[in-house]
1. Could you say which residue among B:Arg333, B:Arg422, B:Arg413 is on the phi > 0 side of the Ramachandran plot, charged (D, E, K, R), more than 10 Å from every other protein chain (Cβ to nearest Cβ) and outside any strand (DSSP E or B)?
2. Can B:Leu193 be described as under 24 Å from B:Ala20 (Cα atoms) and not in a helix (DSSP H, G or I)?
3. Being without any contact (Cβ under 8 Å) to a residue 24 or more places away in the chain, under 23 Å from B:Ser260 (Cβ atoms) and either among the acidic types (Asp, Glu) or facing another protein chain (nearest Cβ under 9 Å) (or both) narrows it down to one residue among B:Leu355, B:Leu351, B:Leu340; which is it?
4. Listed residues B:Gly178, B:Gly196; which is touching a helix residue (DSSP H, G or I) at 6+ places or on another chain (Cβ under 9 Å), small (Gly, Ala, Ser) and surrounded by fewer than 21 Cβ atoms within 10 Å (Cβ to Cβ)?
5. Identify all residues within the range B:443-482 that are among the aliphatic types (A, V, I, L, M), surrounded by fewer than 16 Cβ atoms within 10 Å (Cβ to Cβ) and under 30 Å from B:Leu622 (Cα atoms); write none if there are none.
6. For B:Ile369, state whether it is more than 9 Å from chain A (Cβ to nearest Cβ), over 22 Å from B:Val513 (Cβ atoms), β-branched (Val, Ile, Thr) and under 30 Å from the mean Cα position of the chain (by Cα).
7. Name the single residue that is surrounded by the fewest Cβ atoms within 10 Å (Cβ to Cβ) among those in the range A:101-120 being in a strand (DSSP E or B) and more than 9 Å from every other protein chain (Cβ to nearest Cβ).
8. Does the range B:68-83 contain any residue that is closer than 30 Å to B:Ala20 by Cβ and not small (Gly, Ala, Ser)?
Amino acid sequence: MQSSLERPSASPASLGRHLKLLVAGGAIVLGIAYLIVTALQTSTVYYITVGELLQRGPAAGAQHVRVAGDVVPGSVEKIDAGLAIRFLVHDGSGQMPVYYRGGPVPDIFGEEVQVVVEGKVGPDGTFQASTLLAKCPSKFEAEGATGA
Amino acid sequence: MADFGHIAIVAAFVIAAYAAIAAPLGVRLRAPELLASAYNAVLGVAILLSVASATLLLAFLTNDFSIKYVAEHSSREMPLSLVAAAFYGGQAGSLLYWGWTLSLFSALVALQQRRTDPTLMAYVHMTLMGVMTFFGLILGFVASPFEKMPVVPANGLGLNPLLYDLGMLYHPPMLLAGYMSWTIPFAFAVAALATGRLDVEWIKSTRRYALVAWAILGIGNMLGGWWAYRVLGWGGYWGWDPVENSAIMPWLIGTAFIHSVMIQERRGMLKVWNMALVLVTFYLAIFGTFVVRSGVINSVHSFAQSAIGPYFLGFLTLVVASTLSLLFWRLPRLRSENQLDSLLSREASFLVNNLLFLGLVFAIFWGTIFPLVSEAVQGTKITVGPPFFNQVAGPILVVLIALMGVGPLMPWRKGRAESLLRLFVPPVAFGVLVAAAVGLVKGFDQPKALASFGACAFVTATIATELFKGTLARRRATGENLALALGNLVSRNNRRYGGYVVHLGVVMIAVAVTASTAYQAERSAQLRPGESLQVAEYRLTFNGLRERAEPGVRIVEAQLAVEADRELVGTLITDKRFYRGFERQPSTSVGIRTTPLDDLYVVLAGWEADGSASFMVFVNPLVIWIWLGGIVCAAGALVAMWPQARPSLASVGAPTRGLAVGRA
């Protein structure tokens, strides 16, 4: 701005140009901000612990949440030849049943694997997951990660 | 062997640190012998890290399980073809690969630019070797690939079956090399700031390196998507996972840079902006390596949490702080030589392009780190999933695509509204027509998809017109036939037309991504042998399960007969593989039948004792055009970065015939 004022060409016309540029740039920035804000309103998902979810009780039902925990050994049960699965997930704060259907079960899913499930609590208290992410603690680092 | 490799790495670390100090010191003290020794050091580091890498490779080949890294990522049964995947399959190996390729690129740059101004090159070497020192530190003392086992095991643990795929052989090294190669443009930017020679020269020497880095990172992203599509079995190629996001962000900023750099070359504008873009691209590349390796953000990809996270964060902070202060110090010298004349100009359309790319990256970055931010601010972790990214990125990308058609038609400086209107009416009309036509066939319930198709058609029309006009003009001027005129047009103006080819590739990808997102069909079912399932135009009949064994692996495979429009078109096989040592983690192979129109994508989900099996079936329209578009983009990039033998001499005078003959 300073440099442009020192120049002879810095006439009102150049100021008008700057204004136009500012308006155009501002419109783009506002547009993107609008996109981000509206998208945030509809697609945020709370990340909570199993304990927090259990504490909320039936009231939690309506809300879409994300829960991380470990798959309890011996709890995995396949339904419809593997189209759906049922298992228990626990973290330090509690344990809850999960039912997952509608997507692929990741190859690395299994007992004691760390998982992230997304969905809501159903009327029977089972967590109805629409997304299942498995995070293999030992993924590429076979050893030393068993406790993770 | 372990000691040998370790010593090579430590020596590389010491020499890199020496070069990073000697180079600027040589400039200060005006001591050419110091500069020469820094130059030699750059070459020396490349040799030492090559030795270290060769040592690790040899350890894999000879099954030297006294080295922890080898014992954990390999076994006696592992086929030789997987050695490369094992090499960078783990953390230490992938960092060694990063450092090694950086040392090679640094040496290459040093050799190529021997005749470039030694002061500038001294600071380039300083920066490259500074980054190198950091990797040497990590590799030598924090995450060493040559750490020894306390007891030598009889056999290794073997490579994780998830890595048993061709895509895995190519996509991680390409991505890592993509991250790494942005160090070169970054080094030139730092050198320009340090020397204060901020004219167009540094841009010229950086431009081609930036284009190479951009291409490598782009190919890496593409291969990553290809691997995910073929291996992960959820029917898609892009899931907005934090690791994917951090790989696409530097590429997007890099894309903004290779566009806005043209304005600086042409008009001497946007100097600070370009500088900032190069710096930010490098920050994001380091951030990407950090995200992949630190586990701070919950990701499917996240690897075991490790000690290197804090080191990367510290390094990133140091780099950001030092380069930003350098930039502020030089701000007075980065004044623009010109001003924007009009909103109706190519400069303005590039500016809009840059703003959109930056906005897109901001949105992706924000969405990626949102869990961290919300936890810090509110105390609760809030995540945003793919819907957020799709909602934000979709519209921005459609506008960006449309801009690919606007930019090339805009004249530099100032365009006249009337003539531009004449120029734009036909392609815009074509775009609207195509969007309407697709709407009539597929319905108008997906307006975003139609907008995207319309934008793609508009761009295709403008590029075709440009090529056609250019070719005709050249034929008139030179008397060449059409094919020769087109060939010469492209080779004489390779940057421009290479750019158009890339744009065409992007259009192919955009059409395919839009179609496969908006019109994907999906069904899942449990089938007994002999039963069928109809998905879109395909009818699948389950022919039963078969179990067989190959060395080191037990395979359960399902066979399905595929009919399209009541005609048998083939069989598909999808299976689960149980590798020795990984029996609890079967690896699923997706059955894919590709045609130019769509992919039939079948995943074996599981089976029961009675022989019935369950499947997830997707019909993904046009997916092959994503990969083909990627190839077109890579080809375009190659055209654009091809060195001009005789820079623009031919375009000066009219009598080009003699020159044309001389070249042909």
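The values are calculated or read from the model by the stated rules, or taken from the named source; none is laboratory data. What you see is a predicted model, and the numbers here were worked out from it, not measured in a lab. We place every Cβ from the backbone using ideal geometry, glycine too, and count neighbours over all the protein chains shown.
1. Working: B:Arg333 fails: on the phi > 0 side of the Ramachandran plot; B:Arg422 fails: on the phi > 0 side of the Ramachandran plot.
Every option except B:Arg413 fails the conditions.
2. Details: under 24 Å from B:Ala20 (Cα atoms): yes; not in a helix (DSSP H, G or I): no.
Answer is no for this residue.
3. Details: B:Leu351 fails: without any contact (Cβ under 8 Å) to a residue 24 or more places away in the chain; B:Leu340 fails: without any contact (Cβ under 8 Å) to a residue 24 or more places away in the chain.
Checking each option against the conditions leaves just B:Leu355.
4. Numbers: B:Gly178 fails: surrounded by fewer than 21 Cβ atoms within 10 Å (Cβ to Cβ).
Checking each option against the conditions leaves just B:Gly196.
5. To start, the set of residues in the range B:443-482 that are among the aliphatic types (A, V, I, L, M) comprises B:449-451, B:455, B:457, B:459, B:461, B:463-464, B:467, B:472-473, B:477, B:482.
Then keep just the ones that are surrounded by fewer than 16 Cβ atoms within 10 Å (Cβ to Cβ); that gives B:464, B:472-473, B:477, B:482.
B:Ala464 - this is the single residue of the range B:443-482 that is among the aliphatic types (A, V, I, L, M), surrounded by fewer than 16 Cβ atoms within 10 Å (Cβ to Cβ) and under 30 Å from B:Leu622 (Cα atoms).
6. On the way: more than 9 Å from chain A (Cβ to nearest Cβ): yes; over 22 Å from B:Val513 (Cβ atoms): yes; β-branched (Val, Ile, Thr): yes; under 30 Å from the mean Cα position of the chain (by Cα): yes.
Taking the combined requirement at face value, the residue satisfies it.
7. Taking the range A:101-120 as the starting set, the residues that turn out to be in a strand (DSSP E or B) are A:101, A:114-120.
Subset that is more than 9 Å from every other protein chain (Cβ to nearest Cβ): A:114-115, A:117, A:119-120.
Working: A:Gln114: 19, A:Val115: 23, A:Val117: 23, A:Gly119: 21, A:Lys120: 15.
So the residue we want is A:Lys120.
8. Here is the first cut: in the range B:68-83, the residues closer than 30 Å to B:Ala20 by Cβ are B:68-69.
Still in the running and not small (Gly, Ala, Ser): B:68-69.
Yes, the conditions are met somewhere in the range B:68-83.
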